[in-house]
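Working notes, beginning with the structure itself.
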Amino acid sequence: MPGKRILIVEDKEENFDIIRFGLKRLRPEGDFVLFWAATLKEGGALYRKNRDDLSAVVMDACVPGHNPNTMGLIEEIRADGFRGLIIAASCQPEYNKRLIEAGADVQADKVKVASMLFELIFAALPS
């Protein structure tokens, strides 16, 4: 499969759009596919369906709602053997810390996720 595959687990469409538009600006060649999950159930299903092709997962902490609940999905993804990049992308630093403790690699403010993906999976890794 050509291009990078990235799973975005984010309940707010406007936040997904920030990431999508940021990547389109940084990668106008469009050599990536984004999978968007607005719930934990969708996130788990999309991960399982695409696990062999994913380059990265971007994880909000509260999907949906305002209470952190995605740590278990990160743990499940890591237990399954996923060694790709997982970015914790909550607006709350203390929630990002919990996602890092659950197995995320790095944290990023939502508006900086696209540039972090560009830096870490497009610029640093071979296609």
Criterion violated by CYS91 - all others in (1) assigned to a loop (DSSP other than H, G, I, E, B); (2) closer than 15 Å to ARG5 by Cα; (3) not charged (D, E, K, R) satisfied = (2)
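Which one of these is buried (at least 20 other Cβ atoms within 10 Å of the Cβ), in contact with a Phe, Trp or Tyr (Cβ under 9 Å, 6 or more places away or on another chain) and not small (Gly, Ala, Ser): LEU46, LEU34, LEU23? Full working, then the answer.
Numbers: LEU46 fails: buried (at least 20 other Cβ atoms within 10 Å of the Cβ); LEU34 fails: buried (at least 20 other Cβ atoms within 10 Å of the Cβ).
Exactly one of LEU46, LEU34, LEU23 is buried (at least 20 other Cβ atoms within 10 Å of the Cβ), in contact with a Phe, Trp or Tyr (Cβ under 9 Å, 6 or more places away or on another chain) and not small (Gly, Ala, Ser), namely LEU23.
Evaluate the stretch 102-109: report whether one residue or more is part of a helix (DSSP H, G or I), surrounded by fewer than 20 Cβ atoms within 10 Å (Cβ to Cβ) and among the charged types (D, E, K, R). Explain how you work it out, then say what you get.
Keep residues of the stretch 102-109 that are part of a helix (DSSP H, G or I), which gives 102.
In the following step, the residues that additionally are surrounded by fewer than 20 Cβ atoms within 10 Å (Cβ to Cβ) were identified as none.
So far as the stretch 102-109 goes, no, none of its residues is part of a helix (DSSP H, G or I), surrounded by fewer than 20 Cβ atoms within 10 Å (Cβ to Cβ) and among the charged types (D, E, K, R).
Listed residues ASP105, ASP80; which is in contact with a helix residue (DSSP H, G or I) (Cβ under 9 Å, 6 or more places away or on another chain), free of Cβ contacts under 8 Å to residues at least 24 places away in the same chain and among the acidic types (Asp, Glu)?
Details: ASP80 fails: free of Cβ contacts under 8 Å to residues at least 24 places away in the same chain.
The match here is ASP105.
Per-residue answers, yes or no, for (1) of a type in the set (A, V, I, L, M); (2) closer than 19 Å to ALA37 by Cβ; (3) under 11 Å from the mean Cα position of the chain (by Cα):
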| site | (1), (2), (3) |
| --- | --- |
| GLU75 | no, yes, no |
| ARG78 | no, yes, no |
| ARG83 | no, no, no |
| ALA89 | yes, yes, yes |
| ASP109 | no, no, no |
| ALA114 | yes, yes, yes |
| ILE121 | yes, yes, no |
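Where a number appears in this text, it was derived from the coordinates with a stated rule and is not lab data. Not measured: the values here are computed from a predicted model. FYI the Cβ positions are ideal-geometry reconstructions off the backbone, even for glycines, and counts take in every protein chain you see.
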